[in-house]
Amino acid sequence: QLDPMQWIQQLQLSGAEQGLECLQASVTGIDGNGRGPWHLRLSNGSELSCDWLVIAAGLGSSELLESLGHSLPMEPVLGQALELQLGSEPPAWNGCLIWKGINLVPRPNRRLWLGATVEPGAEASAPALAELQNLKGTAPTWLQQAQVLRQWQGLRARPSGQPAPVLEQPQPRLLVVSGHYRNGILLAPASAEWAAEQIAEG
């Protein structure tokens, strides 16, 4: 079973071993037209130059593209999830179950991941979280009696008026890899492969 947080951490470590550099700064400006190097101004006062620019900034992609004259409207969709400690053994099953759009993911030591809600906008809803925990009114006794160990939430970027994800080249040497909505972890490898192919083909 793949733990997404551990997977991301291992990707960062592997990338660092191959020369990946992570900068704790945001992009405040982009100059270029694809016929020469791109120039990026960062919030820490520094600048970067690159031959290819890949915009993969989730909801922030819209603003970056707008500064270059491109439109990519996206909507925030909040998702909440729970980690539960089960007091008794649930019915045995292999892998993740999906019930009415809710994922039930068994974890070691009688723990369970439950998620995630689909809430348009950026504000978390307590009723939506309660509905998640009781499986929209269908939770069995063993789930109703479970203890909440952890609750977390995040924003997904959903493209407006087009399918997710957005894999486009709006102008030379500019790639958009964004708007994966609920499938970022699942589609990340294929998206990265697509971007690498575009750059390799020039």
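Cβ-Cβ distances below 8 Å connect the following pairs, each with a first residue in the stretch 40-53 that is in the same structural domain as R173 (by TED's automatic domain parsing) and closer than 21 Å to V176 by Cα, a second residue that is part of a strand (DSSP E or B) and small (G, A, S), and a separation of six or more residues or different chains: L40/G29; L40/S49; R41/G29. The condition of being surrounded by fewer than 15 Cβ atoms within 10 Å (Cβ to Cβ) and within 29 Å of P120 (Cβ to Cβ) does not hold for E75.
Yes/no per residue for (1) in contact with a strand residue (DSSP E or B) (Cβ under 9 Å, 6 or more places away or on another chain); (2) at pLDDT 95 or above; (3) polar (S, T, N, Q):
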{"position": "Q6", "(1), (2), (3)": "no, no, yes"}
{"position": "L11", "(1), (2), (3)": "no, no, no"}
{"position": "G15", "(1), (2), (3)": "no, no, no"}
{"position": "L23", "(1), (2), (3)": "yes, no, no"}
{"position": "T28", "(1), (2), (3)": "yes, yes, yes"}
{"position": "V54", "(1), (2), (3)": "yes, yes, no"}
{"position": "E63", "(1), (2), (3)": "no, yes, no"}
{"position": "G87", "(1), (2), (3)": "yes, no, no"}
{"position": "P106", "(1), (2), (3)": "yes, no, no"}
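Whether any residue in the stretch 121-133 is assigned to a strand (DSSP E or B), at pLDDT 90 or above and either among the hydrophobic types (A, V, I, L, M, F, W, C) or more than 19 Å from P4 (Cβ to Cβ) (or both) is what I want to check. Looking through the stretch 121-133, at least one residue is assigned to a strand (DSSP E or B), at pLDDT 90 or above and either among the hydrophobic types (A, V, I, L, M, F, W, C) or more than 19 Å from P4 (Cβ to Cβ) (or both).
Could you check, for the stretch 115-133, whether at least one of its residues is closer than 21 Å to Q80 by Cα, surrounded by fewer than 18 Cβ atoms within 10 Å (Cβ to Cβ) and in contact with a Gly (Cβ under 7 Å, 6 or more places away or on another chain)? Yes, the stretch 115-133 has at least one match. The condition of being touching a strand residue (DSSP E or B) at 6+ places or on another chain (Cβ under 8 Å) and free of Cβ contacts under 8 Å to residues at least 12 places away in the same chain does not hold for I199.
The values are calculated or read from the model by the stated rules, or taken from the named source; none is laboratory data. These figures come from a predicted structure and were not determined experimentally. No Cβ is skipped: glycine too gets one built from the backbone with ideal geometry, and neighbour counts run over all protein chains shown.
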